[in-house]
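In what follows, a structure is listed as structure tokens, so that the remarks can point back to it.
The values are calculated or read from the model by the stated rules, or taken from the named source; none is laboratory data. In this text the structure is predicted, and so the values were computed from the model without any measurement. For neighbour counting, all protein chains shown are included, and Cβ atoms are generated from backbone atoms with ideal geometry for every residue, glycine included. With ligands, DNA and RNA removed, areas are computed over all heavy atoms of the protein, side chains included. Shrake-Rupley method; radii C 1.70, N 1.55, O 1.52, S 1.80 Å.
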Amino acid sequence: QVQVVESGGGLVQPGGSLELSCKVSGSAVSVSSARWYRQAPGDQREWVTTIVPSGTTAYTDSVKARFTISRDNAKNTVYLHMNRLKPEDTAVYYCNIEQFGRGYWGQGTQVTVSS
């Protein structure tokens, strides 16, 4: 059974940085596609970034050059490094792991960008 647990959210000032973690069990991140999504209050969940088994990454335009997705195969963990954070980045961030065509979600972690 695949389990996904996000952590690392919190309150940060505009321009600050934060690193989110997505710890996975039951599936190897090295052979899985991993994605981060976010959902702001009143909005639909939106895709943020993807990393595929080959290591290729993709980002939504609003976070390009500010966010970086990475993974540590030994720790079976996916990370989201967020720099130059803006108030509009405030949302619950969710990790999604794909295994055999099925996606597994974590419970989410809250990121609040505010002075």
Inset, instruction - Considering (1) open to solvent by 50 Å² or more (accessible area, probe 1.4 Å); (2) modelled with pLDDT under 95, say which one Gln99 fails and leave the rest. - result: (1)
Inset, instruction - Could you tell me whether the stretch 2-9 includes any residue that is open to solvent by less than 30 Å² (accessible area, probe 1.4 Å), more than 21 Å from Arg102 (Cβ to Cβ) and part of a loop (DSSP other than H, G, I, E, B)? - result: no
Inset, instruction - Considering only the stretch 10-49, state which residues are assigned to a loop (DSSP other than H, G, I, E, B) and of a type in the set (Gly, Ala, Ser). - result: Gly15, Gly16, Ser17, Gly26, Ser27, Ala28, Ser32, Ala40, Gly42
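Within the stretch 72-96, work out how many residues are part of a strand (DSSP E or B) and either at pLDDT below 95 or open to solvent by 60 Å² or more (accessible area, probe 1.4 Å) (or both). Even if it seems obvious, please write down each step before you answer.
Filtering the stretch 72-96 for residues part of a strand (DSSP E or B) gives 72, 77-82, 91-96.
Imposing the further condition that a residue be either at pLDDT below 95 or open to solvent by 60 Å² or more (accessible area, probe 1.4 Å) (or both) reduces the set to none.
The number of residues fulfilling the criteria is 0.
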Legend entry - Of all residues making up the stretch 60-71, the number that are surrounded by 14 or more Cβ atoms within 10 Å (Cβ to Cβ) and either hydrophobic (A, V, I, L, M, F, W, C) or part of a strand (DSSP E or B) (or both): 6
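With respect to Val52, is the statement that it is of a type in the set (Val, Ile, Thr), over 23 Å from Val113 (Cβ atoms) and open to solvent by less than 50 Å² (accessible area, probe 1.4 Å) true?
It is true that Val52 is of a type in the set (Val, Ile, Thr), over 23 Å from Val113 (Cβ atoms) and open to solvent by less than 50 Å² (accessible area, probe 1.4 Å).
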